[in-house]
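The values are calculated or read from the model by the stated rules, or taken from the named source; none is laboratory data. No experiment lies behind these values; they were computed from the predicted model shown. Please note: Cβ atoms are built from the backbone with ideal geometry, for glycine as well, and neighbour counts cover all protein chains shown.
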Amino acid sequence: MSNIIWKIKSFEEITTSELYEIIKARVDVFVVEQNCPYPDLDGYDQKAIHLWAEKNNTVLAYCRVFNKGIKYPETSIGRVLTTEQARGKNLGKQLIQYAVETIENRFHTSEVRISAQDYLLRFYSGFGFEDTGKKYLEDNIPHTEMLRK
């Protein structure tokens, strides 16, 4: 896919239009597609670094990154998504690669903890994440905590 723009911004740097597109993508994937009515606006966006790919001002892939001590003692990546139209184009792989690089560059650590949907365990293990054995249901979807060291 050409003409894709990658952006990394703090909450304060995000424009109103960008914020709208980010929230739209999160609601489309997590609430509508995965049928999980959950409080997406959880008060953490203000503390996150937001990373996304867009084309024609539409978000294709997105995640948010946290420094140590916000969600976990380690840094973390969350709200990872690829929109329906953008799947199968390796954007998810690029997204996680950029997220890990962002953490290493900005927070000077390679330790990252994530809460992964179980069907993505193999995907994340490709980036050095290991299954911690901590498993739980979140919004009726099986999750596993994973740690990268």
- Picked from the range 43-68 (must be assigned to a helix (DSSP H, G or I) and not acidic (Asp, Glu)), the residue farthest from Glu12 (Cα to Cα) is Lys47
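Given the residues Arg87, Arg79, Arg64, Arg148, which is the only one that is closer than 17 Å to Phe30 by Cβ, at pLDDT 95 or above, touching a Gly at 6+ places or on another chain (Cβ under 6 Å) and not small (Gly, Ala, Ser)? Give the derivation first.
Details: Arg87 fails: touching a Gly at 6+ places or on another chain (Cβ under 6 Å); Arg79 fails: touching a Gly at 6+ places or on another chain (Cβ under 6 Å); Arg148 fails: closer than 17 Å to Phe30 by Cβ.
The unique qualifying residue is Arg64.
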- Could you please let me know if Phe123 is modelled with pLDDT of 95 or more, in a helix (DSSP H, G or I), aromatic (Phe, Trp, Tyr) and surrounded by 13 or more Cβ atoms within 10 Å (Cβ to Cβ)? yes
- Query: Only one of (1) assigned to a loop (DSSP other than H, G, I, E, B); (2) in contact with a Leu (Cβ under 7 Å, 6 or more places away or on another chain) is not met by Thr102, so which one is it?
  - Reply: (1)
- Message: Taking the condition of being without any contact (Cβ under 8 Å) to a residue 40 or more places away in the chain, of a type outside the set (A, V, I, L, M, F, W, C) and touching a strand residue (DSSP E or B) at 6+ places or on another chain (Cβ under 9 Å), how many residues in the range 48-68 meet it?
- Response: 1
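Condition check ((1) loosely packed, with under 15 Cβ neighbours inside 10 Å; (2) on the phi > 0 side of the Ramachandran plot; (3) assigned to a helix (DSSP H, G or I); (4) of a type outside the set (Lys, Arg)) across all residues:
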{"residue": "Ser2", "(1), (2), (3), (4)": "yes, no, no, yes"}
{"residue": "Trp6", "(1), (2), (3), (4)": "yes, no, no, yes"}
{"residue": "Lys9", "(1), (2), (3), (4)": "no, no, no, no"}
{"residue": "Ser17", "(1), (2), (3), (4)": "yes, no, yes, yes"}
{"residue": "Lys24", "(1), (2), (3), (4)": "yes, no, yes, no"}
{"residue": "Phe30", "(1), (2), (3), (4)": "no, no, yes, yes"}
{"residue": "Cys36", "(1), (2), (3), (4)": "yes, no, no, yes"}
{"residue": "Leu41", "(1), (2), (3), (4)": "yes, no, no, yes"}
- Item | Identity of the residue in the range 43-55, touching a Phe, Trp or Tyr at 6+ places or on another chain (Cβ under 6 Å) and small (Gly, Ala, Ser), that ends up surrounded by the most Cβ atoms within 10 Å (Cβ to Cβ) | Ala53
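Answer yes or no: is there a residue in the range 69-79 that is part of a strand (DSSP E or B), farther than 18 Å from Glu138 by Cβ and not small (Gly, Ala, Ser).
Residues of the range 69-79 that are part of a strand (DSSP E or B), as a first pass: 75-79.
Okay, now just the ones that are also farther than 18 Å from Glu138 by Cβ, so 75.
Okay, now just the ones that are also not small (Gly, Ala, Ser), so 75.
The answer is yes; a qualifying residue exists.
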- Query: Out of curiosity, is Ile114 under 17 Å from Leu81 (Cα atoms), of a type outside the set (Gly, Ala, Ser) and at pLDDT below 95?
  - Reply: no
